[in-house]
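S.K.: Questions regarding the structure given below will be posed in turn.
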Amino acid sequence: MTYLIMLSLGIFSVAWWPWLPSFGVSFGLFITLLSVCVFFRLKRLLWLIALSAGMLWGIFCAHQLLRETLPEKYSGEEFLVTGQIVSLVDSNAIRSRFSFATETIQVSGNPHHQPVPAKLLLSWYAAEELYPGQRWQLVVRLRPPRGFVNPGAFDYQSWLLQQSYSATGYVRSPELAKQLPGARLFSAGNLASLPAQLRATIRQAIEQSDLSPRGRAVLLALSIGDKRQLAAWWQDLARLGIVHLLVISGLHIGLVALFGAALGKGLARLVILMNSACSLLGLRLTSPALHWLAPVSGLLAAGAYSLLAGFSLPTQRALIAVAVVVIAKLCFRRIQPFVCLVWALTLIALLQPLAVLSAGFWLSFSAVAILIAWFSPWQSIDPWWPKKRTVSAQLALLVIMSVPLLFFIGRLSWLAPLVNLVAVPWVSLVTVPTVLFGCLLLPVSSRAAEAIWTISDWSVNLLWRFLDLLPSDQGFLVSPVGTSSVVLSAALLAGLCLMLPRHLRERWLGVLPLALLLLFNNKPKPGLRVTVLDVGQGLAVVVETDQRNLLYDSGAQFSAAFSAGSGIVAPFLWQRGWSSIDTALISHEDGDHSGGFAALQQVLPSRQIITGPGVNYSEAVLQGQNVEICNAGAEWRWGEVLFEILSPTSEVDSIRAREGNNSSCVLRIRWRDIQLLLPGDIESAAEYQLLDSGRLEGLQLDLLVAPHHGSKTSSTAKFVQQLAPKHVVFSAGYQHQFGHPHSSVTKRYSAVGSRVWNTAEQGAITFEWLPSGEPPEKRTGELAGELAGELKITTARSQTRRWWR
C-alpha cells in the first residue's frame with residue numbers, strides 16, 4: 001500500500017507545480033534513478049521510485065493537456081468548427097450554453113492553420129432551440145480556459161481543465177450557422193452524445209409532470225444531475241448540510257451499486273431455485289456458477305447511473321471505488337476498507353491527475369476515510385455499538401470535515417449532524433429509489449413514471465416539513481480567526497485527536513492549540529488592508545480595519561447561477577473570518593458595480609448600506625434595511641481610519657446628473673498618513689468638478705483605483721498629474737471587448753511615477769499597511785514625518801502560480 005500511496009502523491013503533486021519540466025528530461029532522470037536503485041539493490045528506496053514514477057506520469061498527462069489546450073496566440077480569433085452537441089443545453093432567455101465536441105476546426109480565413117480538434121464550452125446568444133446530438137457548423141470566437149483568481153473563491157480555470165475543455169467561446173455570425181445531417185450511429189460524437197440525449201428526454205418528462213417546483217428541482221438533480229433549478233433552495237441546503245444528499249454524489253452511486261448487487265443476487269437465487277425445480281422434475285441441468293452476477297450487476301447499475309448523471313468527475317470517482325470492490329469480489333479477495341480506499345485513490349490519480357484540485361475530491365475522500373476510521377473495529381461485543389457509532393459518526397464528520405469545508409467553502413453547517421440523521425435514510429431509501437424507478441418506467445409508460453415521481457415529490461415535501469421546523473437564521477459557522485494554514489492545522493489536529501480511543505486521556509491535549517487560537521482570536525489585525533478583487537469587467541473592493549470591514553461595490557451578476565457577490569466577495573470574506581459586512585457602499589447603478597449585491601445579501605447581509613443616488617434596490621434585496629444616499633461631506637471614523645465621501649454633491653447641476661457614471665460615490669480613506677481614493681466610474685466632467693471644488697487639494701495618494709476601469713473618458717491629464725498616486729489599480733476584464741485599460745491612460749499614470757496594477761493580469765491585489773508604532777499625531781522630532789506603516793502587496797496569481805494557469 002505504501003507504494004500505491006507514493007505513486008498517487010507523485011501524480012497529484014504535479015498539479016501544484018509552478019512550472020512544468022520537459023518530459024524528455026524528466027524521463028531521463030527517472031531512468032537514471034531506477035538504474036542506480038537496481039544496480040546497487042537499494043530496496044529501501046522503492047518508495048522513491050514509486051513517487052518518481054507518479055511524477056513522471058503526472059508530467060506526461062500535463063503535457064498532453066497543454067497540447068490539447070488552445071494556444072494563447074489564437075485567443076480572440078474566429079474559427080470555423082464542425083461538431084456535435086454532447087451535453088445538456090443550459091438555456092435561458094439570453095443564451096444557450098453547451099459542450100461541443102469538434103470534428104474539424106480551422107482559423108477563419110486561413111484553412112492552413114488547424115489546431116487540434118477539442119472539446120469546447122460554447123455560448124450561443126439568441127439561439128434557436130438546441131438539443132444534444134445535433135451536429136452544427138459554426139463560426140465561433142475562442143480563447144483558452146481562464147477564470148478569476150481570488151483567495152477563497154471557486155477556481156473556474158481549474159474546473160474547465162478538469163472537465164477537459166480545451167477552450168471557451170461564443171457563436172459569432174449566427175446567420176452563418178448551419179445544422180448538419182446526423183452522424184453515423186456508432187461514430188465517436190454520436191456515442192458521446194447518447195447519454196446527453198437520454199438525459200434530455202428524462203428532463204423533458206420530469207418538467208412536464210405535475211410536480212411541485214421544489215420536488216421537480218430535486219428530481220432533476222437526483223436523476224440526471226441537473227442542479228440549475230435548485231438555485232432557489234441552494235442556500236438552505238448548504239445551511240442544513242444536505243447538498244450532498246439532493247444532488248448525485250458518491251453516496252448515491254454506492255447506494256445504486258448496492259441495489260444492483262441485491263438485484264443480481266436475487267436473480268442468481270432465482271436461477272438456483274429454477275434448477276432445483278427442474279431437478280425435482282427429473283431434468284438434469286448444468287448448474288451455472290453465478291457468484292459473479294451480484295457484483296457485476298452492482299457495477300453495471302452504478303455505471304448506468306453515472307452515465308445518467310453526465311459522467312461527472314464525482315460520479316467517476318465513486319464508480320472507480322465501486323469497480324475496486326467488484327474486482328476484489330470476483331477474485332474472491334476479502335478487501336479491507338482502507339485498501340479499497342487506497343486503490344481507488346491510485347486509479348483516480350492515474351485517470352484524473354488534476355482531480356486533487358477539486359474540493360469534491362478532498363471532501364469525498366476525507367469523509368470516507370473518517371467513516372472507515374470511526375467504524376473500526378468492525379465488530380464489538382456491545383450490542384448497541386452499531387447504533388452508537390452511527391449516531392456519533394455524524395459528529396465525527398462535522399469535527400474533522402470542518403478543515404476541508406472551511407478551506408474550500410469558507411463555512412460549515414453545524415446543523416448537519418442532526419439533519420443528516422433523518423435525511424440520509426429518508427432520501428436514500430425513499431426518494432432516490434422512487435426517482436430511479438420512475439426513470440426505468442419512462443420508456444414503458446410516461447403515466448406510470450409520473451405516478452412514481454409523484455411519490456418522490458411527496459417524500460421531498462415531507463422532508464421539507466421537518467426541515468422547516470429548524471431555525472431559518474441558524475446553521476452556518478464561519479471561523480472567527482479566518483482560515484489560515486495555522487488555523488486549519490490546529491483544527492485537523494484537534495479532530496484527529498478526538499478520534500483516538502476514549503481511554504487515552506491525553507487526546508484532549510490535541511484540542512489545546514485550536515482552543516487557544518479561538519480564545520485569543522488571533523485573526524490578522526492590520527492597520528489597514530485593501531483588496532481589489534478580480535471580478536472581471538467590474539469592481540469590488542474590500543477594506544478591512546482592525547475590527548470592521550467595508551465593501552465598495554459588489555461586481556456583476558454574471559448569470560442566474562453565478563454572481564460576483566455570492567461567488568467571489570462572500571467566500572473571500574469568509575476566508576478572512578468575517579461573518580457579516582459592516583458597511584456596503586454601492587457607488588452607482590451600473591450592473592458591473594451593483595449587480596452582485598442582491599446575491600451577496602442572501603448569503604452575507606450588510607449591517608449598513610450606502611448607495612449612489614441612482615441605485616434602486618427592491619425591498620426583497622434590502623431585507624427591510626434603510627439605505628443612506630451618498631452625499632459629499634459625509635464622513636465617519638473607525639478607530640484611526642477616516643472615511644470621507646467627496647462626491648456627488650446634493651445639488652443637481654448640468655455637469656453631474658443624479659444617475660450614470662458621474663453620479664458615482666467617490667470615497668476617500670485615511671489611515672495615519674496613508675490616503676486612498678475609490679472614485680467608481682467617474683468620467684472627465686466629474687473629475688474636473690472634483691478638482692475645481694478643492695476637495696482633492698494637497699491630496700498625496702498612496703493608492704488609487706482607476707476611475708471607470710481605465711477608460712479613455714476618465715483619468716484626464718490634469719486629474720492624474722494632481723493626484724500622482726504611488727499605486728494605481730485597474731479593475732478590468734481579461735481581453736475584454738471594451739479594451740480597458742486604454743494604453744494612453746496607463747502611459748499617463750506611468751509618466752507621473754505610479755506603479756500600475758491590473759486585476760486581469762494579476763488577479764486579486766491586496767495592499768496591507770502594517771502598524772509600526774505610535775500614530776503620527778503622537779510622534780515628535782525626527783519621527784513626525786515618517787510613514788505610519790509598512791506596505792505589503794500581494795497578488796493572487798503570484799501566490800497561486802501554476803503551470804496550467
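S.K.: Pairs only if they're at least six apart or on different chains, beta carbon under 7 angstrom, first in the stretch 57-69 and within 14 Å of Lys119 (Cα to Cα), second open to solvent by less than 30 Å² (accessible area, probe 1.4 Å) and not aromatic (Phe, Trp, Tyr); list them, first residue then second.
M.R.: From the stretch 57-69, the pairs are Leu65/Leu161; Glu68/Ala118; Glu68/Ser166; Thr69/Pro144; Thr69/Pro145; Thr69/Ser166.
S.K.: Is at least one residue of the stretch 293-301 free of Cβ contacts under 8 Å to residues at least 24 places away in the same chain and out of contact with any strand residue (DSSP E or B) (no Cβ under 7 Å at 6 or more places or on another chain)?
M.R.: The first filter runs over the stretch 293-301 and keeps only residues free of Cβ contacts under 8 Å to residues at least 24 places away in the same chain, leaving none.
The answer is no, given that none of the residues of the stretch 293-301 is free of Cβ contacts under 8 Å to residues at least 24 places away in the same chain and out of contact with any strand residue (DSSP E or B) (no Cβ under 7 Å at 6 or more places or on another chain).
S.K.: For Ser693, are the conditions met, namely being under 30 Å from Arg172 (Cβ atoms) and open to solvent by 10 Å² or more (accessible area, probe 1.4 Å)? Walk me through it before giving the result.
M.R.: Values: under 30 Å from Arg172 (Cβ atoms): no; open to solvent by 10 Å² or more (accessible area, probe 1.4 Å): yes.
So Ser693 fails the test.
S.K.: Looking at Arg672, Arg668, can you tell me which residue is buried (at least 19 other Cβ atoms within 10 Å of the Cβ), at pLDDT 95 or above and of a type outside the set (A, V, I, L, M, F, W, C)? Steps first, answer last, please.
M.R.: Numbers: Arg672 fails: at pLDDT 95 or above.
Step by step, each of Arg672, Arg668 is checked, and only Arg668 is buried (at least 19 other Cβ atoms within 10 Å of the Cβ), at pLDDT 95 or above and of a type outside the set (A, V, I, L, M, F, W, C).
S.K.: Can you confirm whether the stretch 82-90 contains a residue that is open to solvent by 50 Å² or more (accessible area, probe 1.4 Å) and either touching a residue at least 60 places away in the same chain (Cβ under 8 Å) or not in a loop (DSSP other than H, G, I, E, B) (or both)? Please lay out each step first, then the result.
M.R.: The initial filter retains those residues of the stretch 82-90 that are open to solvent by 50 Å² or more (accessible area, probe 1.4 Å), namely none.
No, the stretch 82-90 has no match at all.
S.K.: On the given criteria, is Leu130 part of a loop (DSSP other than H, G, I, E, B), closer than 19 Å to Ala183 by Cβ and not aromatic (Phe, Trp, Tyr)?
M.R.: Working: part of a loop (DSSP other than H, G, I, E, B): yes; closer than 19 Å to Ala183 by Cβ: yes; not aromatic (Phe, Trp, Tyr): yes.
Answer is yes for this residue.
S.K.: Within the stretch 19-44, work out how many residues are closer than 27 Å to Ala355 by Cα, surrounded by 16 or more Cβ atoms within 10 Å (Cβ to Cβ) and out of contact with any Ser or Thr (no Cβ under 6 Å at 6 or more places or on another chain).
M.R.: Within the stretch 19-44, residues that are closer than 27 Å to Ala355 by Cα, surrounded by 16 or more Cβ atoms within 10 Å (Cβ to Cβ) and out of contact with any Ser or Thr (no Cβ under 6 Å at 6 or more places or on another chain) number 2.
S.K.: Another question about this same structure. Of the residues in the stretch 725-754, how many are exposed (fewer than 13 other Cβ atoms within 10 Å of the Cβ) and in contact with a helix residue (DSSP H, G or I) (Cβ under 9 Å, 6 or more places away or on another chain)?
M.R.: 3
S.K.: In the stretch 145-163, what residues are open to solvent by less than 30 Å² (accessible area, probe 1.4 Å) and not in a helix (DSSP H, G or I)?
M.R.: Residues satisfying the conditions are Pro145, Gly147, Val149, Asn150, Gly152, Ala153.
S.K.: Also, I was wondering about something else. If you go through the stretch 43-70, how many residues are outside any helix (DSSP H, G or I) and either within 19 Å of Ile11 (Cα to Cα) or modelled with pLDDT under 90 (or both)?
M.R.: The number of residues fulfilling the criteria is 0.
S.K.: Suppose we keep only residues that are open to solvent by less than 20 Å² (accessible area, probe 1.4 Å) and outside any helix (DSSP H, G or I) within the stretch 616-641. Which one would you say is farthest from Leu533 (Cα to Cα)? Step through it out loud before you land on a result.
M.R.: If we filter the stretch 616-641 for residues that are open to solvent by less than 20 Å² (accessible area, probe 1.4 Å), which is where we start, we get 622, 630, 641.
Now narrow it down to the ones that are outside any helix (DSSP H, G or I): 630, 641.
Details: Cys630: 23, Val641: 21 Å.
The qualifying residue farthest from Leu533 (Cα to Cα) is Cys630.
S.K.: So, one more: Within the stretch 110-137, restricting attention to residues that are farther than 23 Å from Arg67 by Cα and modelled with pLDDT under 80, which residue is least open to solvent (accessible area, probe 1.4 Å)? Please lay out each step first, then the result.
M.R.: At the first step, the residues of the stretch 110-137 found to be farther than 23 Å from Arg67 by Cα are 123-137.
Checking the rest, the ones that are also modelled with pLDDT under 80 come to 126-128.
On the way: Ala126: 92, Ala127: 33, Glu128: 108 Å².
Here the residue is Ala127.
S.K.: Does Leu514 count as out of contact with any Cys (no Cβ under 9 Å at 6 or more places or on another chain), open to solvent by 10 Å² or more (accessible area, probe 1.4 Å), at pLDDT below 90 and not in a loop (DSSP other than H, G, I, E, B)?
M.R.: On the way: out of contact with any Cys (no Cβ under 9 Å at 6 or more places or on another chain): yes; open to solvent by 10 Å² or more (accessible area, probe 1.4 Å): yes; at pLDDT below 90: yes; not in a loop (DSSP other than H, G, I, E, B): yes.
Yes: the conditions hold for Leu514.
S.K.: Residues Leu667, Leu704: which one is in contact (Cβ under 8 Å) with a residue 60 or more places away in the chain and assigned to a strand (DSSP E or B)?
M.R.: Details: Leu704 fails: in contact (Cβ under 8 Å) with a residue 60 or more places away in the chain.
Sole residue among the options that is in contact (Cβ under 8 Å) with a residue 60 or more places away in the chain and assigned to a strand (DSSP E or B): Leu667.
S.K.: Restricting the search to the stretch 584-615, which residues are in a loop (DSSP other than H, G, I, E, B) and crowded, with 16+ Cβ neighbours inside 10 Å? Break it down into steps so the answer makes sense when it comes.
M.R.: First, pick out the residues of the stretch 584-615 that are in a loop (DSSP other than H, G, I, E, B): 587-590, 595-596, 604-605, 612-615.
Selection gives Ser587, His588, Glu589, Asp590, Gly595, Gly596, Leu604, Gly612, Pro613, Gly614, Val615.
Residues checked against (1) assigned to a loop (DSSP other than H, G, I, E, B); (2) open to solvent by 40 Å² or more (accessible area, probe 1.4 Å); (3) without any contact (Cβ under 8 Å) to a residue 24 or more places away in the chain; (4) within 18 Å of Gly438 (Cβ to Cβ):
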position	(1), (2), (3), (4)
Gln197	no, yes, no, no
Arg214	no, yes, no, yes
Ser223	no, no, no, yes
Asp236	no, yes, no, no
Ile242	yes, no, no, no
Gly254	no, no, no, no
Phe259	no, yes, no, yes
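S.K.: From the list Ser166, Ser187, which one is buried (at least 19 other Cβ atoms within 10 Å of the Cβ) and either at pLDDT 90 or above or not charged (D, E, K, R) (or both)? Talk me through it step by step, then tell me what you get.
M.R.: Working: Ser187 fails: buried (at least 19 other Cβ atoms within 10 Å of the Cβ).
Every option except Ser166 fails the conditions.
S.K.: Still on this structure, please answer the following. Only one of (1) exposed (fewer than 14 other Cβ atoms within 10 Å of the Cβ); (2) in contact with a helix residue (DSSP H, G or I) (Cβ under 9 Å, 6 or more places away or on another chain); (3) assigned to a helix (DSSP H, G or I); (4) modelled with pLDDT under 90 fails for Glu207. Which number is that?
M.R.: Checking Glu207 against (1) exposed (fewer than 14 other Cβ atoms within 10 Å of the Cβ); (2) in contact with a helix residue (DSSP H, G or I) (Cβ under 9 Å, 6 or more places away or on another chain); (3) assigned to a helix (DSSP H, G or I); (4) modelled with pLDDT under 90, the one that fails is (4).
S.K.: Which numbered condition in (1) open to solvent by 80 Å² or more (accessible area, probe 1.4 Å); (2) within 30 Å of Lys178 (Cβ to Cβ) is the only one that Thr2 fails?
M.R.: (2)
The values are calculated or read from the model by the stated rules, or taken from the named source; none is laboratory data. Quick caveat, the model's predicted, so the values are computed rather than measured. Every residue, glycine as well, gets a Cβ built from its backbone with ideal geometry; the counts of neighbours run over all protein chains shown. Accessible surface is based on the protein model in full, side chains and every heavy atom, while ligands, DNA and RNA are left aside. Shrake-Rupley method; radii C 1.70, N 1.55, O 1.52, S 1.80 Å.
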